[in-house]
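Take a look at the structure set out below.
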Amino acid sequence: MTMQALPFDPADPVALAQALVRCPSVTPAEGGALSLLERVLAAEGFTVERPVFSEPGMPDVENLYARIGTQGPVFAIAGHTDVVPPGDPAAWSRDPFGGEIADGVLHGRGACDMKGGLAAMVAAAIRHRRAAPDAPGSIAFLITGDEEGPAVNGTVKLLAWAKARGERFDHCLLGEPTNPNAMGDMIKIGRRGSLTGSILVQGVQGHVGYPHLARNPIRGMVRLLAGLEATPLDAGTTHFDPSNLEVTTLDVGNPASNVVPAQAKAVFNIRFNDLWTPETLAAEIERRLREAAGNEVQYEVAFQPTNAVAFLTEPGPFVAMLSRAVAAETGRTPALSTTGGTSDARFIKSYCPVVEFGVVGQTMHKVDEQVAVADLVTLEKITARLLDDYFAAAGGA
């Protein structure tokens, strides 16, 4: 079947980003976004595949893998087309899936996180290959529809699927929005891990006027939480801030002011650096709780399963090459950071070195999410320069 020509040039990052924003690809819906990228990449000579992954109790998720070239090195570009729900459309000043451009700004859900970044990188790859069709090496795209959701049927399985087929990657650029204020601010060379736990303290319900017949679990919970936060988990490392523990909920479910509650519950989340693994961190939390509880507080602690581990891509030639490309196009020397939440880089790091660089992230997940058109153009230029430099080095130029 012959595909109809696109109504825009996919080497134009703004037009491609606008078209992607108009696809309502709220996790786990594909929404037409992967189909659009399949058309774009196939028309430029990429071999494109669309694996769908499943897991009991989880929605099926469509993914996309594309490659051009048969030789090494293989430069991978990763990203996601799924977006978080827009919420009430009436709260937006424009249609969240309208892709409207006004006053130099592209508006819509995903414009910032991360359809804009992905569009700029796709456009850069297209421009690079059009200009140098015989360039050494290969470019591969790893694009998922499950980054904003459970992240079970997305990148983690796409990577395993590619490896089983004999694919390998030398370096990867992930286009998450990394810049706090302006293009050129920041490259992410690692990410902190995330561990969530819950504590349940058992008490004895009773009348507040007869405290000897009750046992208040709130006192025990306060004691446990104070023990968890009495001393810092660590002092940080060369590239990581100190790990931080935050109590995110504390609840007794008690509607009456004259009743001692039967139990108290708390949930906490720890964003941890590369001094810890989820296992060693859980062991430290359990030790602190035992010490704080002594023989007086009855409690249970449980940890949610996590695949969010801390990792670092050590600064080296690849990071330096990206930094030079950023500086050349923005006039700014980017900071090398590991701040923020988790990303799919936590899966990619097990296959090849990975760094993250994208647009300014101030409006991600917000009402009236947007990205400056100029930033899309700049990101396309940075990525194209990086690809040129990367494959020039591979070819011995």
inquiry  = Need one number: % antiparallel among DSSP beta bridges in the chain, to the nearest 5.
reply    = 70 percent
inquiry  = Need the C-alpha centroid separation for region 167-229 versus region 238-310, integer Å.
reply    = 7 Å
message = Using Cα springs under 10 Å in a Gaussian network model of the chain, which residue among 44, 291, 369 shows the largest mean-square fluctuation?
response = 291
task = Grab the Cα-Cα distance for residue 29 and residue 307, subtract it from 0.36 nm times how many residues apart they are, and report the gain in nm with one decimal.
result = 97.8 nm
ask   = Taking Cα atoms, how many degrees apart are the long axis of helix 373-394 and the longest axis of the chain, rounded to 10 and kept between 0 and 90?
value = 70 degrees
query = Gain in length, residue 200 to residue 88, computed as 0.36 nm per residue apart minus the alpha-carbon separation, to one decimal in nm?
reply = 36.8 nm
query = Say R0 is 45 Å: what FRET efficiency, to the nearest 0.05, do residue 335 and residue 210 get from their beta-carbon distance?
reply = 0.15
key: Tilt relative to the chain, helix 317-330 - C-alpha long axis, 0 to 90 degrees, to 10   = 70 degrees
request  = Any chance you could give the angle, 0 to 90 degrees and rounded to 10, that helix 278-293 forms with the longest Cα principal axis of the chain?
outcome  = 20 degrees
key: Extension gain (nm, one decimal) between residue 182 and residue 265, 0.36 nm per residue minus Cα-Cα   = 25.7 nm
remark   = Sorted on mean Cβ neighbours within 10 Å (highest first), peptides 32-43, 161-172 come out as 32-43, 161-172
request  = Measure off 7 Å from each Cα along the Cα-to-Cβ vector at residue 39 and residue 324, then give the distance between these two points in nanometres to one decimal.
outcome  = 3.9 nm
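A short reminder: the numbers here are calculations on the coordinates, not readings from a lab. In this text, all values refer to a predicted model and were calculated from it rather than measured experimentally. Glycine also receives a Cβ, built like all others from the backbone with ideal geometry; neighbour counts cover every protein chain displayed.
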